[in-house]
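Participant: First the structure, which I've put down as structure tokens, then a few questions once you've had a look.
Any read-out appearing in this document is the output of simple, stated calculations on the displayed coordinates, not a laboratory observation. Worth saying up front: this structure is predicted, and the values here are computed from it rather than measured. Here the Cβ is made from the backbone with ideal geometry for all residues, glycine too, and neighbour counts use every protein chain on show.
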Amino acid sequence: MKLTRTMAFKSAIVQPKNPPHFNPTFSCCLKPSFQFRENPLKDFEFNIKRRIGAIAAVSWALMAAKEAIFVEAANGFDLQLVAPGQTIEEARSGIKGHAQALLQVKELIDLESWREVQIALRKSSSVLKQDIYTLIQAKPANERPQLRKLYSDLFNNVTRLDYAARDKDASYIRQCYENIVAVLNQMLSRI
């Protein structure tokens, strides 16, 4: 009898007559609580898209307005590189003085005052450039190519002298200055 009781006890433990029913719950199938709401990134994406759209619309409007303003301005101006209101007579009367101012850079070169050379060179060459261009435009079409070549040589040497002064290269500065003097004399004799 002992044997049957222990077997009955074991069978009761191992196989209960009315086992409790548990619903299986799998944690992998449960959604986190923030996913029960709609996608929170959807609002973020919408705000980004709306901002980009607004920026694109504003930039397009600004570019269209800028285009309209500059087209009107371009149609209203004669786009030559001549000083505003400068006549041929004013250019002729000013060219000698401005050429002399450019040649006076020699004193600063001899003193090796490179920063002052650059300042004086830029100041005198910009006004001389306008005068020469005005006079070239007034010349007949068959003379312009030769004068434009001299014009280009002159101001390329001015630019080289400016860079050489920045680099403090005294020998190259003197060479550029000599080239400026030679080209300027040719230019003044033809104008």
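Participant: Enumerate by residue number the trypsin sites (Lys or Arg not before Pro) in segment 119-191 meeting two conditions: DSSP loop (anything except H, G, I, E, B), and at most 10 other Cβ atoms within 10 Å of the site's Cβ.
Facilitator: none
Participant: Related question: Does anything in segment 164-191 have its amide N under 12 Å from the 7 Å Cα→Cβ label point of Ser152, and if so which residues?
Facilitator: Counting backbone N atoms under 12 Å from the label point, the list is empty.
Participant: Related question: Between Tyr163 and Lys96, what FRET efficiency follows from the Cβ-Cβ distance if R0 is 30 Å, with the result rounded to 0.05?
Facilitator: Plugging the Cβ-Cβ distance into 1/(1 + (r/R0)^6) gives 0.65.
Participant: For the pair Ser126 and Leu62, how long in nm is the line joining their label points, each one 7 Å along Cα→Cβ?
Facilitator: 2.8 nm
Participant: In µm²/s, what is D for segment 88-190 at 37 °C and 0.692 mPa s, where D = kT/(6 pi eta Rh) by Stokes-Einstein and Rh is the Kirkwood radius from Cα pairs?
Facilitator: Translational diffusion coefficient: 238 µm²/s.
Participant: Given Ala101, Leu154, Pro140, which one lies farthest toward the positive end of the charge dipole of segment 88-190, if we put +1 on the Cβ of every Lys and Arg and -1 on the Cβ of every Asp and Glu?
Facilitator: Among Ala101, Leu154, Pro140, the one farthest towards the positive end of the dipole of segment 88-190 is Pro140.
Participant: What's the FRET efficiency of Val181 with Glu89 using the Cβ-Cβ distance as r and R₀ = 35 Å, to the nearest 0.05?
Facilitator: The value I calculate is 0.85.
Participant: In addition: If we count every other residue with Cβ under 11 angstrom of Trp114's Cβ, Lys/Arg +1 and Asp/Glu -1, where does the sum land?
Facilitator: -2
Participant: Given points 7 Å out from each Cα along the Cα-Cβ axis, report the Arg50 to Gln104 separation in nanometres with one decimal.
Facilitator: 6.6 nm
Participant: Please report the relative contact order for segment 88-190, taking Cα pairs under 8 Å with a sequence separation of at least 6, and give it as a percent rounded to a whole number.
Facilitator: 30 percent
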